[in-house]
Amino acid sequence: SPGRVPVTSEEHFAPSNIALCKYWGKRDTQLNLPVNASLSVSLGYLGSHTRLVPIDYSADEIWLNGDRLLPSAAFSQRISAFLDLFRAPGQCHFRVTTRNSIPTAAGLASSASGFAALALAVNDSFQLGLNTEQLSVLARLGSGSACRSVFKGFVEWQMGQREDGLDSHGVVLPETWPGLCVGLIKVDASVKSTDSRSGMKRTVETAHLYQSWPLQAAADLQQLRRAITVGDFTLLGQTAEHNALSMHATMIASWPPLVYWQPESLACMQKIWRLRQEGLPVYFTMDAGPNLKLLFERDQLEELMRHFPDMEVIQPFGDD
Ligand code: 2P0
């Protein structure tokens, strides 16, 4: 309800997340309603810390990792547009301060954790009293993948069926996987790539191959649920890698083509396939960029560090 009087909010935290079954394509671009359900794992303590302070200026002031963003920056505009949902027209502006604990070297996008933390801060500041499902819906309006970052652990984003999107939100799975590791491998990319939002729009509009994506995603989601329930790492890794490569196939089949890979990305994939052939259980997933995220279990950590010394490792269910 726009027009409530905001109060200064506490700092709120939301984790970043990595999808094992990807969100790629919207059926509603206004509400960020997905074509397919997706499934992710939240990255523990890596994410965004956000605070909202009402200010007496005529515009919002957005700070990211200690730097003030230009009001014209795309990210500033998305944050202000999100805040417009809660305030009376032209009323009450904010200083939004976000600090990301995601190492900048990791090459992870921050819009998922950023909008999830912002949704928590808005709930606090406007004293909306929303439950976690409603918070997830709210976060989704800022960025689709943010609806999964409202939760810890394994999270399924149920696509929902309603036109108003109230049933399209994250749901946390009861299972944990204490030994699961995610290794972040940054491939240096000087080339500026197309952001996810315009990338998925292009794929939906131009790739005939995209027709088969919802079927693939639905089958992969089933397999991942089963892998998580029974603790089958091979099934989890294979399904996640197959899902990511299938998503990239639809990207490549778009026009103009969307190729997020760099030569180093492919070299890294080939190294993983070789290691796997030699008996090392390691798989990868990739998002709308050149970086790889390795999936493996704690027992393989030392050996993988020998092969990828610069890898940043996160244990989503670890206690640190
Ligand atoms: C995912 N990605 O499931 C997929 C895989 C990128 C590739 O969710 O337009 O930033 O804000 O809803 O959430 C990135 O898309 O897009 C994403 P918007 P978002 O993680």
- Message: Restricting to region 119-146, and then to whatever is over 17 Å from the mean Cα position of the chain (by Cα), small (Gly, Ala, Ser) and in a helix (DSSP H, G or I), can you tell me which residue is nearest to the ligand (Cβ to nearest atom)?
- Response: Ala121
- Examine region 98-118 for a residue that is more than 16 Å from the ligand (Cβ to nearest atom), part of a helix (DSSP H, G or I) and at pLDDT below 95, and state whether such a residue exists. yes
- Query: When you scan region 295-312, how many residues do you find that are assigned to a strand (DSSP E or B), modelled with pLDDT of 95 or more and more than 16 Å from the ligand (Cβ to nearest atom)?
  - Reply: 2
- Only one residue in Ser113, Ser76 is under 19 Å from Ser198 (Cα atoms) and either of a type outside the set (A, V, I, L, M) or buried (at least 24 other Cβ atoms within 10 Å of the Cβ) (or both), so which one is that? Ser76
- The number of residues in region 147-171 that are more than 13 Å from the chain's Cα centre (by Cα) and of a type in the set (Val, Ile, Thr) is 1
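Anything in region 3-24 that is within 16 Å of the ligand (Cβ to nearest atom) and closer than 30 Å to Asp56 by Cα? List them, or say none.
Ala14
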- Message: Just to be sure before I move on: is Val204 assigned to a strand (DSSP E or B) and at pLDDT 95 or above in the structure I sent?
- Response: no
- Any chance you could count how many residues in region 273-289 are touching a residue at least 40 places away in the same chain (Cβ under 8 Å) and either in contact with a Cys (Cβ under 8 Å, 6 or more places away or on another chain) or away from the ligand (no atom under 14 Å from the Cβ) (or both)? 4
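The values are calculated or read from the model by the stated rules, or taken from the named source; none is laboratory data. What you are looking at is a predicted structure, and each value in this text was computed from that prediction instead of being measured. Don't worry about glycine lacking a Cβ; one is built from the backbone with ideal geometry, like all the others, and counts go over all protein chains shown.
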